[in-house]
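Coordinate-derived values only; no laboratory data. Since the structure is predicted, the reported quantities are computational estimates derived from the model, not experimental observations. Positions of Cβ are backbone-derived with ideal geometry, glycine not excepted, and every protein chain shown enters the neighbour counts.
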Amino acid sequence: MKILFYNHTGQASGAERLLTMILGRLHRDNFEPIVVCPESGALAEMVADLRVPVETVKGLEARFTWRVDHLARYCKSFLQVMGHLRSKVSSIKPDLIHANSIRAGLVATAATFGLETPVVWHLHDLMPRHPLSTLIRIFASLSKRTRMIAVSDAVARNFRGRFSPLIGNRVGVILNAIDLEKFQASGATHHAIRDEFGLNGNDFVLGIIGQLTPRKGQLELIDAFAQANVTRATLLIVGAALFNRDSDYALRLKQQPKARGVADRVKMLGSRSDISAIMRELDLLVVNSSAEPFGLVILEAMACGTPVLAAAVDGIPEIIQHGINGWLVSPGDQRALAESIAHLSRERELRSRLAAQGKQHVAANFSADRYMTELETFYQSIGPTNAELKTKAASAETITRQVDSAKFA
C-alpha cells in the first residue's frame, strides 16, 4: 500500500517526532511511504535520514484569526498549497493519504476533491472556540473519504464537538507512543549535563522541555519557581521559539528570571539534541501547559525514570494518575504549582516511587510496537484490500508494457 504522508509545516515539534517514529517503523513489505512537506525546516532532512522519499511543496500559512486581512492571505496560501499537493497526488498516485494535522487534513481533502483516495486526518491539536472550527467540522463531516485519528480521548471529544452524530464514528483514538529504547535510562552515571552548568549531585534540578510558546507556560513556571524558593534548586528551560509569533515570548522569558530575582538559578538551554540525557539528569520534569492535546514529553520523561509534575489539562490525565505515577495540579493554579515544587523537592522517596511507577506505566501502555500494530491495522481497514492492490499493480504493469512496446514499434 502506497501512503503519502503530508505535513503542512517543515518545522519539527511533537507531531513531527511522532511522524518520524511512524516512518522509521512502518513495515516496508506492506507499506510504501512517501512524504510531502515544505522544504524549509528540519523535517525534510529528518525524513531523508530515514531513507524515505521526500517531495516538497510550499509551506501553508493558515492560523485561527479574527482579522479579515489575515484571512484573505491565508485563503490565498491554502489555494496555492492545495494546487501543489493535487499535482503531487496525481503523479505519486497513493492508495492512502495520511495528513499529519487538522490543517494538513483540510488541504489534502480539498486537493483530492473528485478522487477516491482515502484521507486520514491525524488530530494532534485542540480546536479553539471559533467560527472556523465549526466550518472545519462541517467540512470533515461532508467528506465520506475522511477518517480521523485522535492522539487522545480529549482531542477526539474536542474535534467531534456538537457534530458527534455526524462524524463521531469516523473519529478513532490511537494514543501516542514513543520509541522506548531512545529514552531508557542507561547505566551511565549522572553529572554530564550537571557538569556543563556547574551543578552537583546535591542540587535539585527541575526542567521544562518544549517549544517556547505561551500555552506551554514557561513564564508562569519561572514565577512559581521563584515563589517556591527551594534551596540549591536550578530550573532548566529547554526549547526554542519555532514560529515568528513566539519570538517576543522567548524574549520575555529571558528577562523574567532577573525580574523575579532568580537569574542565577534559571538556565535557558535553547534547542538541544540530547533531550534524553537532559531528562535523566532532572530530579523533576514540569509540564505547565494551559492546553495539551497529549504530552509526548511526559512519556519520554517516564521512560527515562524521571518523575513528572504536570497541569491536569486535556489529554494529560489520560497518562498520569495523581500520586501514583506522577503529580497533578490544577491548570493555572500558581500557588499549587509552587507548593508542589517545594513539596516534591523535599520528598526524595516520593519522587523515586512516582518515577518507578511512571516507567512501568509507559512501558506497558505506550510502546512504539503497540502503536504501530494499531496504526497498521487501521490503515488496512480503510485502504484498498490486497486483491485490489494486486489488480492495481497488474494494471500498472500492463500499461508499462504497452508503453514500452509502443516505443520500439
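Annotations for the structure displayed:
- The stretch 86-111 versus the stretch 299-313: alpha-carbon centroid distance in Å: 34 Å
- Value of relative contact order over the stretch 192-258, rounded to a whole percent, pairs C-alpha under 8 Å and six or more apart: 41 percent
- Using alpha-carbon coordinates, inclination of helix 68-92 to the longest axis of the chain, degrees: 50 degrees
- For the stretch 83-227, size of Cβ-based charge dipole, Lys and Arg +1, Asp and Glu -1, in debye: 1120 debye
- Computed from Cα positions, the angle between helix 102-111 and the longest principal axis of the chain comes to roughly 10 degrees.
- For the stretch 327-378 versus the stretch 209-256, the gap between their alpha-carbon centres in whole angstrom: 20 Å
- Counting beta carbons within 10 Å around each of E300, E220, E181, E32 and listing the fewest first gives the order E181, E32, E220, E300.
- Each part reduced to its alpha carbon centroid, the stretch 113-185 and the stretch 29-57 end up 22 Å apart.
- Going through [x] 86, 46, 42; [y] 84, 51, 40; [z] 72, 52, 36, the figure that equals Cα extents along the principal axes in Å as computed for the structure here is [y].
- Magnitude of the charge dipole, the chain, Cβ model with Lys/Arg +1 and Asp/Glu -1, debye to 20: 1040 debye
- Shown for E61, E16, E116: other C-beta atoms within 10 Å of each C-beta, ranked fewest to most, produce the order E116, E61, E16.
- 0 to 90° range, to nearest 10: angle between helix 368-382 axis and the chain longest Cα axis: 30 degrees
- Coordinate range of the alpha-carbon atoms in the stretch 76-136 per principal axis, descending: 37, 24, 17 Å.
- For the stretch 47-183: relative contact order, % (alpha-carbon pairs under 8 angstrom, 6 or more apart): 17 percent
- Taking other Cβ atoms within 10 Å as a rough exposure proxy, V119, V36 sort from fewest to most as V36, V119.
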